[in-house]
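Participant: Structure incoming, see below.
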Amino acid sequence: MIQLNINNKVYEVDASADMPLLWAIRDLVGLTGTKFGCGIAQCGACTVHVNGTPVRSCSFPVGAAAGKMITTIEGVNEKIGEAVKKAWIELQVPQCGYCQSGQIMSATALLKSKPHPTDADIDAAMQGNLCRCGTYQRIRSAIHRAAEMI
Amino acid sequence: MEKSNNTQSRRSFLKVSSITGGGMMIGFSWLANLIPHEAIAGATATKDWIELTGFIKIFPDNRITILSPNPEFGQNVITSLPMLIAEELEVDWKKIKVEQGDYDTPRFKRQFTGGSQAMRMAWKPLRTAGATARFMLLQAAANEWDVPLAELTASNAVVTHKASNRTITYGALATAAAKLTAPANITLKKSGEFSLIGTPQKNVEGSKIVVGKSLFTMDYKQEGMLIAMAIHPTAFGMKLKSFDASEALKMPGIKDVFEIQVYKDGYVKAGFDTRTFNNLVVVVGNTTWEVMNARKKVVIQWESFEAYKEFSGMGNNKREDTIPAGLESTESHMKQMYEMQKKPGKVLRKDGDPEAAFAKAKKIMEKTYSAPFLPHNTMEPISCFAHITEDKALFVAPIQIPDMMKQSITANLGITADKIDMKLARMGGGFGRRAYGHYIVEAGLISQKMKAPIKLIYTREDDMSNGVYRPSYMVTYKAAIDENKNVTAIHVKGGGIPENAIHENRFPAGAFENYLAEGWDIPTNITIGAFRAPRSNFIASAEQSFLDELAEAIGKDPIDYRIELLKKAKANPVGKNNEYDAERYIGVLELVKKKSDWGNPKNKTVKRGVAAYFCHNSYAAHVVDLTMKDGQPVVQNVVSALDCGVVVNPEGAKNMIEGAIVDGIGNVLFGGLRFEKGVPIQKNFNQYRMIRMKEAPKKIDIYFVQNNIDPTGLGEPPFPPIFAAFANALYKATGKRHYHQPFINALNKS
Ligand code: FES
Ligand code: FES
């Protein structure tokens, strides 16, 4: 049994330590906001925060997450996260929406470390998050907008 | 006032049925009486309210829900289609709840996501549904108060009789309204009277998306559900020979490993059945990770197949295709295509005497363009939930055209159509890929075998290497130029694997006295299918690059030259079958010219390119501004002009156009799946390069031609011309023309 603290709730999961955190969250805990896109840390759809740092949960063993504070899209609720979600709605970022959990997790982490990111900061922080629908420029504007709101 | 005349049987025109506990539900039947009225009426009368489908649900407490018929894959019809109903219903959009309709095409008549036709086809029917419901509610109020209907007004779901200062809610009227007969004719608002249509409205599912609510098939689960994955041959041209599952079956959490055959022997393919890998090895287990691990332990022998015949088509439209044997490669594809270019093709259109014009030409400009296979790479990989029991076949499916799967489901799963219960999950992208629902049959077969609810999941590698790809194409454009720099003839010749991309009756046909179009095709065993603006997405890139180079060769401005040709085609069209409206074409070019300050750009550091195209009934033109940084193009700005008729929801429309622009730039720069010995070489995003944040345009400005034309298409039209607008700007920035997609290969070499 592995103990996971997800969004300030403790879950006991019966998983081998090498199971990616993504599948523990989705299949065992049952939170499906965190998405599967590639499984090899190339698309960012599965981004969650572990102790405040964005990680690709598809490539992060659940064993290594034990005892750490995990935040998923469902648990984004402090000031910065709320501003990001608000900006996402205000600027109507999503198209299909599948990548957006991961985008929001990456954007929230960026704004936590850099409350007023430049375009270059955004390029660097968001480079690992694919959006097949092409919402990149709206994501960029929404990050700037969220920065204004905080 | 616009009259909507219901030409079909009055009786089946509108289905009204009362709902337990009061309230009214209106479903709508148009186009044709595909199923008898009684069938629908019976279904709605006996079912519980929540399970019913239709367009409008009115609750006694005046809550109103509108159902969106079309599958949603990011084009935001789930907002814009209900807006059509709400406009005529006279309700407060902010108070409306929208729900996705389940698969029930007999009721909705059209549940089709593809071909940019949603708004075009729904424009009158859905407004008529709203207007009809409003009329019946007004009539119910008129009866209740015994006043003439003409004295009543409806607004915000309330009917008012001004003379007596009385009001009553739709909720209070619904039960009585449901008993009335639908009117045979209904008057629709005309364009100046819209209060909702044409206003920017937010995506009705936006607030769910940003909190990670389960909306997608991938997220669906049910008690006792198992996870399944399907292993397909490693190469096109191969099939399953044998497998040994003994090790895999010992793995933790594994329930079974077995073979499925997707299409039955002798099955005549229809609709959107595709030439998928037919025999798959399926691994079923408790969790995704366990199945992922176990599938690696299955030992499989594949073998090459012999050429075989495939039958498809419906009614009189039967087709027989020979699927060639062999393991194909990108390199041999290119060789084959160059070979075909040397031989005469099939004449698709000929105007005047092009041969003579070329013989007399002072100068001939000839350029060859090519593009590779493209995987759709929807962000959500292919998935499908199925639970087949004796009395019901439940699917939760990401599918663009559910009704097109009916035949395949019934024939290959041996269940009758009335048992199909399909929920249309929000799709994590589609782009044409999810028109081909072989995965629904696959999921159904697995559920039947397991006698359990299952969710079939493709990994990214499965998704990319078991695709329904955009074909690979090649085309050569040739222009005859006389001593006065007049272009006297155009010759276009090209083909593809396995289809050619030439639209012989589109511009520049019609603008040249002498014109010849020839095509050819090369069969393949690689699975191909529709990809956002099929064929157009390649031919526009070639044609619009060629016109740019041609304008330069004869010393003309690229926008002015296009307009000059289009004016000629408008005043004196050559040939009879020209598909485009030259005036609307000119309209987008003039608009983009103005909005981009074409002759005098504000930003002097950028290099610009232009392109325009017509497809799916709409017109699009783009101006791309780019700069080079470390040998790589950076798109600073895109100015777009669109003529798609009336724009219902400008917010969603702009988002979709932006998406098309990013999609096009990504594909022209990076897109391309390579094959070696039948194997798709790139299998995941570490090998397959997609456009990312850094390469996306810094800014996109979109303008619509203002007119009152009924909506035409929008999802696809802005996509084809962005390829060439980018290519033409890249030429200006680098001094080098690029002819072979993806351009990144040449850019990285130089
Ligand atoms: S699924 Fe983890 S990065 Fe793509
Ligand atoms: S919104 Fe569809 S992948 Fe980003």
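The values are calculated or read from the model by the stated rules, or taken from the named source; none is laboratory data. If you're wondering where the values come from, they're calculated on a predicted model, not measured in any experiment. When we count neighbours, we look across all protein chains shown, and the Cβ atoms used for this are built from the backbone with ideal geometry, even at glycine. These area figures cover heavy atoms from the full protein model, side chains too; ligands, DNA and RNA do not enter into them. Shrake-Rupley method; radii C 1.70, N 1.55, O 1.52, S 1.80 Å.
Participant: Can you tell which of A:Ala87, A:Ala124, A:Ala142 is more than 16 Å from ligand 2 (Cβ to nearest atom) and in a helix (DSSP H, G or I)?
Facilitator: A:Ala124
Participant: Here is a check on your reading of the model: is A:Ala41 surrounded by fewer than 24 Cβ atoms within 10 Å (Cβ to Cβ), within 9 Å of ligand 1 (Cβ to nearest atom) and under 25 Å from B:Asn686 (Cβ atoms)?
Facilitator: Yes, satisfied.
Participant: Is it the case, given these coordinates, that B:Asp146 is out of contact with any His (no Cβ under 8 Å at 6 or more places or on another chain), surrounded by fewer than 20 Cβ atoms within 10 Å (Cβ to Cβ), in contact (Cβ under 8 Å) with a residue 24 or more places away in the chain and more than 25 Å from B:Phe216 (Cβ to Cβ)?
Facilitator: Judged against the criteria, B:Asp146 is not a match.
Participant: If I filter region B:177-230 down to residues being within 13 Å of another protein chain (Cβ to nearest Cβ) and of a type in the set (Phe, Trp, Tyr), which single residue comes out as surrounded by the most Cβ atoms within 10 Å (Cβ to Cβ)?
Facilitator: B:Phe216
Participant: I would also like to ask the following. Could you look through region B:379-411, keep only residues that are over 19 Å from B:Ser68 (Cα atoms) and β-branched (Val, Ile, Thr), and pick out the one that is nearest to ligand 2 (Cβ to nearest atom)?
Facilitator: Among residues in region B:379-411 that are over 19 Å from B:Ser68 (Cα atoms) and β-branched (Val, Ile, Thr), the one nearest to ligand 2 (Cβ to nearest atom) is B:Ile382.
Participant: Moving on to the next point. What about A:Gly52, is it in contact with a strand residue (DSSP E or B) (Cβ under 8 Å, 6 or more places away or on another chain) and within 16 Å of ligand 2 (Cβ to nearest atom)?
Facilitator: For A:Gly52, the condition - in contact with a strand residue (DSSP E or B) (Cβ under 8 Å, 6 or more places away or on another chain) and within 16 Å of ligand 2 (Cβ to nearest atom) - is not met.
Participant: Got at least one residue in region B:100-112 being modelled with pLDDT under 90 and either open to solvent by 50 Å² or more (accessible area, probe 1.4 Å) or in the same structural domain as B:Pro717 (by TED's automatic domain parsing) (or both)?
Facilitator: yes
Participant: Working only within region A:18-38, note down all residues that are among the hydrophobic types (A, V, I, L, M, F, W, C), within 25 Å of A:Met1 (Cβ to Cβ) and within 13 Å of ligand 1 (Cβ to nearest atom).
Facilitator: A:Leu21, A:Leu22, A:Trp23, A:Ile25, A:Phe36
Participant: State all residues of region B:525-544 that are in contact with a His (Cβ under 8 Å, 6 or more places away or on another chain), open to solvent by less than 10 Å² (accessible area, probe 1.4 Å) and not hydrophobic (A, V, I, L, M, F, W, C); if no residue qualifies, say none.
Facilitator: The answer is B:Ser536, and nothing else.
Participant: Could you tell me whether any residue of region A:81-91 is modelled with pLDDT of 95 or more, closer than 26 Å to B:Met218 by Cβ, away from ligand 1 (no atom under 16 Å from the Cβ) and in contact with a strand residue (DSSP E or B) (Cβ under 9 Å, 6 or more places away or on another chain)?
Facilitator: yes
Participant: Of all residues in region A:82-111, which are within 20 Å of B:Ile657 (Cα to Cα) and facing chain B (nearest Cβ under 9 Å)?
Facilitator: Answer for region A:82-111, where residues must be within 20 Å of B:Ile657 (Cα to Cα) and facing chain B (nearest Cβ under 9 Å): A:Trp88, A:Ile89, A:Glu90, A:Gln92, A:Val93, A:Pro94, A:Gln95, A:Cys96, A:Gly97, A:Tyr98, A:Cys99, A:Gln100.
Participant: Now for a different question. With respect to A:Lys68, is the statement that it is in the same structural domain as A:Ala17 (by TED's automatic domain parsing), away from ligand 1 (no atom under 16 Å from the Cβ) and out of contact with any Ser or Thr (no Cβ under 9 Å at 6 or more places or on another chain) true?
Facilitator: So A:Lys68 passes the test.
Participant: I would also like to ask the following. For the list (1) open to solvent by 10 Å² or more (accessible area, probe 1.4 Å); (2) in a helix (DSSP H, G or I); (3) under 23 Å from A:Ile150 (Cα atoms); (4) away from ligand 2 (no atom under 16 Å from the Cβ), I need the number of the one condition that A:Asn77 fails.
Facilitator: (2)
Participant: Still on this structure: Report, ordered by the first and then the second residue, all pairs with beta carbons closer than 7 Å, sequence separation of six or more or different chains, a first member in region B:415-429 that is away from chain A (no Cβ under 11 Å), and a second member that is assigned to a helix (DSSP H, G or I) and surrounded by fewer than 22 Cβ atoms within 10 Å (Cβ to Cβ).
Facilitator: B:Thr416/B:Thr410; B:Ala417/B:Lys406; B:Ala417/B:Thr410; B:Ile420/B:Lys406
Participant: Now a separate question. Considering only region A:118-146, state which residues are in contact with a helix residue (DSSP H, G or I) (Cβ under 6 Å, 6 or more places away or on another chain) and not charged (D, E, K, R).
Facilitator: A:Ile122, A:Ala125, A:Met126, A:Gln127, A:Asn129, A:Cys133, A:Gly134, A:Tyr136, A:Ile139, A:Ala142, A:Ile143, A:Ala146
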